[in-house]
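Worksheet: the structure to be examined is printed underneath.
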Amino acid sequence: MRVFVDGVPVYFPYAYMYPEQYVYMCELKRALDARGHCVLEMPTGTGKTVTLLSFICSYQLIRPEVSKLIYCTRTVGEMDKVLQELKRVLQYRNEQLQAENALTENIQKMMAVGLTTRRNLCLHPAVKNAESREEADATCRSMTASWVRAHYSKEQEQAAHTPVESSNAVDIEDLGNSSSKLCGFYENFEKDGRDAILPSGVYTLDSMIEFSKEKGWCPYYTARHAINIANIIVYNYQYLID
Ligand code: SF4
């Protein structure tokens, strides 16, 4: 359905809207218009997420300068639910705009991405299977820190100048193995991903892993790269304050 909230046409992907949802949107608009802060509460199960996402995604159409929404969640499960809901909201909005002949290329370019810890967005077996977040972070850093990479390059250079039988050179193909000193996914990302323009769309955690796997890039660093250009970022509260 399309509903007008103080003059803003809002595309809402369900056939019915609770009065609380409409009031929530009105208050949200007041805060955004005033460029201020607000604290809004709604009872559990009344559809806060879809209300907020529908309103913001429609508000951005008339106020493109409101270009970034940062949505914080407590758990990874909640993060994924928000991204799934966002997919539905954007799909409905774009279908309606298409029917009204108002779907521009710019609107279609919208990007949303979820960012979580390395352990949840990793392809390297040694990090993926780590027992704690701290262990995962430390193992990843031990393969990606600038000094480790510089040391490895130096070793490779020296190996290139020694006879083949005594060389310690490691094939780039082996870098993704848990026994290697560097992470091949990170190296590939540094080589091809850091300056790449990512296709628009909503990247759930699974779709970010799939996309990165196809490219051979690290999903965690790809997601971090994507947040610079994404219109909507969904991540953990801890990231905001850490
Ligand atoms: S760089 Fe990425 S893929 Fe490699 S270990 Fe770290 S998080 Fe995992």
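The values are calculated or read from the model by the stated rules, or taken from the named source; none is laboratory data. This is a predicted model, so every value here is computed, not measured. Glycine also receives a Cβ, built like all others from the backbone with ideal geometry; neighbour counts cover every protein chain displayed. Calculation scope for accessible area: heavy atoms of the full protein, side chains included, ligands and nucleic acids excluded. Shrake-Rupley method; radii C 1.70, N 1.55, O 1.52, S 1.80 Å.
Given H placed on each backbone N at 1.01 Å, which residues far from V202 in sequence or on other chains put an amide H within less than 5 Å of it?
Here the answer is A112, since their amide H atoms fall under 5 Å of that of V202.
For segment 1-75, which GluC sites (Glu not before Pro) are in a loop by DSSP, counting at most 11 other Cβ atoms within 10 Å?
Answer in residue order: E41, E65.
Any idea of the accessible area per residue across the chain, 1.4 Å probe, to the nearest Å²?
Heavy-atom accessible area per residue stands at 57 Å².
What residues qualify as long-range amide H neighbours of T73, i.e. H under 5 Å apart, gap of 5 or more or another chain, H built at 1.01 Å from N?
Amide H to amide H, under 5 Å and 5 or more residues apart or across chains, T73 pairs with Y235, N236, Y237.
Rounded, prolate or oblate: which fits the chain, taking a ≥ b ≥ c as square roots of the Cα gyration tensor eigenvalues, rounded meaning a/c under 1.5, else prolate when a/b beats b/c?
Prolate is the answer for the chain, as a/c is 1.5 or above and a/b outweighs b/c.
Report the trypsin sites (Lys or Arg not before Pro) located in segment 27-127 that are in a DSSP loop and have at most 13 other Cβ atoms inside 10 Å of their Cβ, or state none.
Passing sites in segment 27-127 are R35, K68, R74, K109.
Treating the Cα atoms of segment 105-164 as identical point scatterers in vacuum, please give the log10 of the normalised Debye intensity I(q)/I(0) at q = 0.12, 0.16, 0.27 Å⁻¹, two decimals.
With one equal scatterer per Cα and no solvent, log10 I(q)/I(0) is -0.52, -0.69, -1.02.
Where the accessible area of the chain is counted over protein heavy atoms with a 1.4 Å probe, how much of it, in %, is carbon and sulfur?
50
Nearest 20 debye, what's the magnitude of the dipole of the chain about its Cα centre given +1 on Lys and Arg Cβ and -1 on Asp and Glu Cβ?
Its charge dipole is roughly 620 debye.
Excluding the sites themselves, what is the longest stretch of the chain that contains no chymotrypsin sites (Phe, Trp or Tyr not before Pro) in a DSSP loop with at most 16 other C-beta atoms within 10 Å?
Segment 17-242 is the longest.
Using a 10 angstrom cutoff on alpha carbons, build the Gaussian network for the chain and name the most mobile of C57, C38, C72.
Fluctuation is largest for C38.
Decide, for segment 1-110, between rounded, prolate and oblate: order the square roots of the alpha carbon gyration tensor eigenvalues as a ≥ b ≥ c, take rounded if a/c falls under 1.5, and otherwise choose prolate if a/b is larger than b/c, else oblate.
rounded
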